[in-house]
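Remarks on the structure that follows.
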Ligand code: THU
């Protein structure tokens with residue numbers, strides 16, 4: 001698999017891998033870390049999955065990062081999103097996260113997935129969710 005193309009990709013990977021360690025996932029034991037780059041500020045926002053005994057109340061890593069970014073900056077455009085887990089091949093955002101991300105991504109926004117070693121699988125947002133629901 002590919003490695004990083006830029007320094008910012010490496011930074012996003014390191015941030016996502018680090019925040020993954022805070023995952024609260026006592027039910028699945030599946031830890032996920034996400035890091036997004038805000039186009040507006042150039043800042044990185046991270047998130048991890050937070051599970052709940054009422055399973056459906058679980059919040060994924062990607063949505064945690066989005067909520068953090070919007071809370072700090074208001075409406076943003078995501079320049080790049082990086083998602084790290086120990087899955088091989090690396091795990092993509094779930095359908096609910098993709099729908100949430102669709103508000104803040106363009107169809108050509110890079111979504112990078114990797115395992116803990118940083119073997120990267122690259123997608124565009126549009127490849128993962130070609131037809132988001134738009135009200
Ligand atoms: N999970 C994420 O954090 N992101 C995804 O897009 C897929 C699933 C989490 C939710 C749950 O805590 C665990 O992975 C197993 O589903």
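The values are calculated or read from the model by the stated rules, or taken from the named source; none is laboratory data. Note that the structure is predicted; figures quoted are calculated from it, not measured. Backbone-built Cβ (ideal geometry, glycine too); neighbour counts: all protein chains shown.
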For this session: Any residue in the range 67-88 that's in contact (Cβ under 8 Å) with a residue 60 or more places away in the chain: show its pairings with residues that are surrounded by 13 or more Cβ atoms within 10 Å (Cβ to Cβ) and in a helix (DSSP H, G or I) at Cβ separation under 6 Å, as long as the two are six or more apart or on different chains.
Result: 82/12; 82/13; 82/16; 84/16; 84/17; 84/20
Problem set entry | Residues (surrounded by 14 or more Cβ atoms within 10 Å (Cβ to Cβ) and under 19 Å from residue 33 (Cβ atoms)) located in the range 95-109 | 97, 98, 100, 101, 104, 105, 109
For this session: For residues that are more than 8 Å from the ligand (Cβ to nearest atom) and in contact (Cβ under 8 Å) with a residue 24 or more places away in the chain, scanning just the range 43-60, find the one that is surrounded by the most Cβ atoms within 10 Å (Cβ to Cβ).
Result: 47
Exercise. Among the residues of the range 1-30, which ones are in a loop (DSSP other than H, G, I, E, B), in contact with a strand residue (DSSP E or B) (Cβ under 7 Å, 6 or more places away or on another chain) and surrounded by 13 or more Cβ atoms within 10 Å (Cβ to Cβ)?
Worked result: 1, 4, 22, 23
Problem set entry | Per-region count, the range 79-103, residues more than 9 Å from the ligand (Cβ to nearest atom) and either under 12 Å from the mean Cα position of the chain (by Cα) or within 16 Å of residue 48 (Cβ to Cβ) (or both) | 10
Seminar exercise, completed: Of the listed residues (46, 58), the one being more than 21 Å from residue 131 (Cα to Cα) and in contact with a helix residue (DSSP H, G or I) (Cβ under 6 Å, 6 or more places away or on another chain) is 46
Exercise. Is it true that some residue in the range 61-68 is modelled with pLDDT of 95 or more, more than 14 Å from the ligand (Cβ to nearest atom), closer than 18 Å to residue 28 by Cα and touching a strand residue (DSSP E or B) at 6+ places or on another chain (Cβ under 8 Å)?
Worked result: no
